[in-house]
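Right, one structure below, let's go through it.
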Amino acid sequence: MVQSSYQQYELFQKRQQTLATLIRELEPVLGSLEMSEFQKKLVALEKLVQSDTFKVLVLGEFKRGKSTFINAMLGDEILPAYARPCTAIINEVKWGESKRALLYPAKTGAALQQEPLEVPVEQLEDYVVIKDDVREIASSQYDKVELFWPLPLCRSGVEIIDSPGLNEHDIRQKVTMDYLSSVDAVLFVLSCEALAARSELDVIENILKPTGHEDIFFICNRFNMIRSKEKEDIRKYGLSKLACHTNKGEEHVFFISALDGLEGRIDRDDERVSKSGIVEVEQALENFLSREKGKVKILRPARELQMTMSAARRTMPKREAMLKEDLNTLEERVEAAKAPLRRLEIERSQIIDSINNTRRTTRAEVKAAATSFYRDLPQLIPDWVADYDAENTVNFISTEGTVAQAEKLAEEVSAYLSTKVEKELADWQKNTLQPLVMSNVDSLIQKLDEKTSAFVEKVDNLMLRVSGSSVSIDSVGVRQIGAIERVLSAAGGFVIGGVGSAGIGAVFGYQEMAKSILPQVGIAVITIALAGLNPLILIPALASGGFIQGLISTKSTNAKIKEQVGQRFAESLSDSADSRSDAVVKSVDEQLANIQEKLNQGLGREVQSVQEQINSVLAEKKKGKANVDQKIQELSSLGRKLDAIRSELDTLVVEVAMP
């Protein structure tokens with residue numbers, strides 16, 4: 001049967017285990033060197049490496065064949081291809097020895113503390129399918145369901161995240177908040193029968209790309225439903241509309257029949273599977289994940305390991321010199337070091353104050369820009385409404401109730417205006433907010449580079465004076481590391497420290513790390529834009545206030561209804577302008593505050609490491625000469641272990657980094 005071999009995934013997992021083994025081997029070395037904080041970091045790093053999987057988010061509007069596509073990849077009918085819309089419950093398909101389903105309560109009120117509910121797999125549809133009113137989407141009791149299944153793809157370290165249809169604002173907001181910052185790949189499923197609808201392009205342009213997803217896979221499903229003579233035209237049309245929205249161009253646009261792929265695998269019909277196009281998608285996804293994303297997943301923690309080993313190498317000659325030094329002389333040097341240590345603490349505070357100054361400046365500038373944007377935004381609404389041709393209209397002689405017709409029209413106009421706001425915000429974020437933030441961050445990084453370089457140089461010189469060592473960093477094989485990178489590593493690093501999105505910074509340095517905060521800001525800003533603009537929230541509010549009934553009673557024209565809905569929408573934006581601009585400021589400041597917090601921790605730990613080394617050596621010397629001699633001999637053994645670990649790590653890094 002035609003089925004992916006998953007060889008590249010298996011190679012990634014093998015390398016992942018090699019890295020985890022090297023981390024475990026380094027942990028006792030750090031323990032022997034009394035580097036307790038670094039040792040704690042490695043424990044967390046190993047756990048991260050062992051648990052890291054490829055997370056694949058599958059998106060698409062309702063009735064695009066998304067569930068059938070996922071089932072085709074999984075090789076079995078795992079997810080029901082629901083004939084009715086689903087609630088805003090997201091399905092996460094993961095590896096499990098046996099079939100299980102866990103439902104997670106929505107995170108509101110008392111549910112914050114509730115444990116997930118295990119339900120029979122065959123009864124899952126009862127919890128996730130809407131029975132009557134589509135507005136049930138906004139009131140689901142559950143956030144997500146975890147499906148554990150013994151599937152080869154999931155065993156290979158791939159998790160499939162199935163989002164319900166993106167037609168609703170609630171779902172777009174949930175996906176944006178909970179998943180876009182953490183997934184490794186986005187697969188966008190469309191239907192060749194209605195390819196690249198405006199609403200689909202809006203999600204791509206206004207949500208996915210502004211949040212950093214530039215390598216989207218476009219899955220053009222139901223290609224088998226297109227007449228043979230029209231297939232080439234559909235292919236050309238799809239490529240022209242979609243290839244420009246992914247960095248991979250035409251390589252990431254696929255035309256498939258998910259149903260043929262699924263049924264072919266169930267029936268073991270190799271020819272049908274081959275013709276379905278599903279295998280090409282799987283191969284491209286495996287190549288992208290295992291090579292491009294997998295490279296980052298290995299090199300990030302490998303870089304952390306290298307920096308930790310460099311810290312150990314810096315420590316060893318100084319520790320040996322202190323162990324060999326006369327106790328009285330060492331105590332005199334320790335006493336003399338107290339004043340410099342206090343000055344370092346003062347200098348640390350000054351560095352953090354400089355970040356505070358940048359944060360204050362950035363908050364003020366972002367507040368001014370966001371306030372201007374949100375106060376000008378309502379003025380665009382009348383023109384948007386005037387230019388919009390609604391599909392729904394109110395016909396006073398129709399058999400359908402006029403109130404119901406007016407509600408449909410009002411809901412359509414509100415949904416249209418919400419999309420226009422999303423687009424306007426995405427443009428503002430790209431053209432105004434991002435340049436503003438990066439200008440301030442770049443300036444901050446330059447200042448920090450100078451100040452942290454001076455700081456760590458003083459720390460190193462102080463340790464040299466206390467230890468009496470004259471061994472340079474170069475002579476012990478320590479590779480040069482930037483001061484900011486070294487300090488952040490001491491605070492937990494890019495990976496487990498949570499600085500920026502980590503995926504870029506840990507591999508390519510702190511300057512790229514600074515850029516990587518932009519997608520995080522983008523996710524927050526888009527979430528702010530979506531909040532409160534859901535038509536399912538706005539329309540009931542209008543109805544309960546008698547607004548729609550009033551329009552009907554005066555037999556307002558369709559144009560008047562559109563105008564009044566637009567006016568109410570604009571009023572809603574105006575009323576929330578200050579709170580929205582404040583939320584944008586907060587989202588930007590939180591990213592800068594995170595960098596500040598980690599830098600503060602790292603600077604503190606640089607000073608703390610000096611004190612810890614001094615105290616531990618003094619304690620060893622007071623145990624007697626025999627103990628000291630043993631510790632000195634042990635350092636030679638630790639050095640050999642470091643060499644061996646570094647050699648294996650270098651081999652791994654070269655293998656992974658090779659194209």
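Would you mind getting me the FRET efficiency between D650 and E25? Use the beta-carbon distance for r and R0 = 22 Å, nearest 0.05.
The computed FRET efficiency comes out at 0.95.
Would you mind counting up the charge near E263? Only other residues with Cβ under 13 Å from its Cβ, with Lys and Arg at +1 and Asp and Glu at -1.
That works out to -3.
With each label point set 7 Å from Cα along the Cα-Cβ vector, what nm distance links E193 and A619?
Taking the simple label geometry, E193 and A619 are separated by 7.2 nm.
So how strong a dipole does region 269-384 carry about its Cα centre when Lys and Arg Cβ are +1 and Asp and Glu Cβ are -1, to the nearest 20 debye?
It comes to approximately 540 debye.
Given charges of +1 on the Cβ of Lys and Arg and -1 on the Cβ of Asp and Glu, with all other atoms neutral, how large is the dipole of region 577-659 about its Cα centre, in debye to the nearest 20?
In total the dipole reaches around 620 debye.
Work out the length of the dipole vector of region 239-279 about its Cα centre, built from +1 on the beta-carbon of each Lys and Arg and -1 on the beta-carbon of each Asp and Glu, and round it to the nearest 20 debye.
Values: 6 positive and 8 negative charges, 39 e Å.
Dipole about the Cα centre, nearest 20: 180 debye.
With the cut-off at 22 Å, tell me which of the pairs K40/K641; K293/K447; K209/K423; K107/K144 have Cα atoms farther apart than that.
K293/K447, as the Cα separations exceed 22 Å there.
With a 1.4 Å probe and every protein chain left in place, tell me how much accessible area D126 has, in Å² to the nearest 10.
Solvent-accessible area, nearest 10 Å²: 100 Å².
Taking H as built 1.01 Å from N, whose amide H comes closer than 5 Å to the amide H of V189, not counting residues under 5 places away?
Placed amide hydrogens put L59, G60, I219 under 5 Å from V189.
Charges on Cβ only, +1 for Lys and Arg, -1 for Asp and Glu, centred on the Cα centroid of region 265-366; of L330, L299, L341, which one is farthest towards the dipole's positive end?
Of the candidates, L341 comes out farthest on the positive side.
Taking amide hydrogens as modeled 1.01 Å from N in the peptide plane, which residues meet the under 5 Å criterion relative to K55, leaving out close sequence neighbours?
E159, D184, A185
How much net charge surrounds L102 when only other residues with a Cβ under 12 Å from its Cβ are counted (Lys, Arg +1; Asp, Glu -1)?
Working: positive: K94, K99, R100, K144; negative: E92, E115, E118, D143, E146.
Net of charged neighbours comes to -1.
Quick check: net charge around T651, other residues with Cβ under 15 Å of its Cβ, Lys/Arg +1 and Asp/Glu -1?
-2
Please give, to one decimal in nm, the separation of the simple spin-label points placed at E118 and T393, each 7 Å out from Cα toward the Cβ.
Modelled inter-label distance: 5.8 nm.
Residue by residue through region 600-605, which ³J(HN,Hα) values in whole Hz follow from phi under the Karplus form 6.51 cos²θ - 1.76 cosθ + 1.60 (θ = phi - 60°), with glycine and proline marked x?
Karplus-based 3J(HN,Hα) across region 600-605 equals 4, 4, x, 4, x, 6 Hz.
Which order do Y104, Y6 take when ranked by solvent-accessible area (1.4 Å probe, heavy atoms of all protein chains), largest first?
Largest accessible area first, the residues go Y104, Y6.
Between A368 and D427, what FRET efficiency comes out of the Förster formula 1/(1 + (r/R0)^6) with R0 = 22 Å and r the beta carbon distance, rounded to 0.05?
Step by step, r from the Cβ atoms, then E = 0.75.
Go through T371, T329 and list them by solvent-accessible area, largest first, probe radius 1.4 Å.
Largest accessible area first, the list is T329, T371.
Testing the spin-label approximation: label points 7 Å from Cα along Cα→Cβ at E251 and L635. State their distance in nm.
Between E251 and L635, the simple spin-label model gives 5.0 nm.
Per residue of region 63-68, what does 6.51 cos²θ - 1.76 cosθ + 1.60 with θ = phi - 60° give for ³J(HN,Hα)? Whole Hz please, x for Gly and Pro, Karplus curve as stated.
Ordered by residue, 3J(HN,Hα) equals 6, 10, x, 5, 5, 5 Hz.
Mean 1/r over all different Cα pairs, inverted: what Kirkwood radius does region 216-331 give, in Å?
The Cα-based Kirkwood calculation yields 18.8 Å.
Expected output is a single nm value to one decimal: the length gained when fully extending between L380 and N558, i.e. 0.36 nm times separation in residues minus the C-alpha distance. What is it?
Going from the current span to full extension adds 62.1 nm.
What accessible area, in Å² to the nearest ten, does a 1.4 Å probe give for E590?
Roughly 100 Å² of E590 is accessible to a 1.4 Å probe.
Pull out the extension gain between K40 and S470, defined as 0.36 nm times the separation in residues minus the alpha carbon to alpha carbon distance; nm, one decimal.
Taking 0.36 nm per residue and subtracting the Cα distance, the gain is 151.8 nm.
The values are calculated or read from the model by the stated rules, or taken from the named source; none is laboratory data. Because the structure is a prediction, the values reported are computed rather than measured. Backbone-built Cβ (ideal geometry, glycine too); neighbour counts: all protein chains shown. Side chains are part of the model used for accessible areas, which takes the heavy atoms of the whole protein and leaves out ligands, DNA and RNA. Shrake-Rupley method; radii C 1.70, N 1.55, O 1.52, S 1.80 Å.
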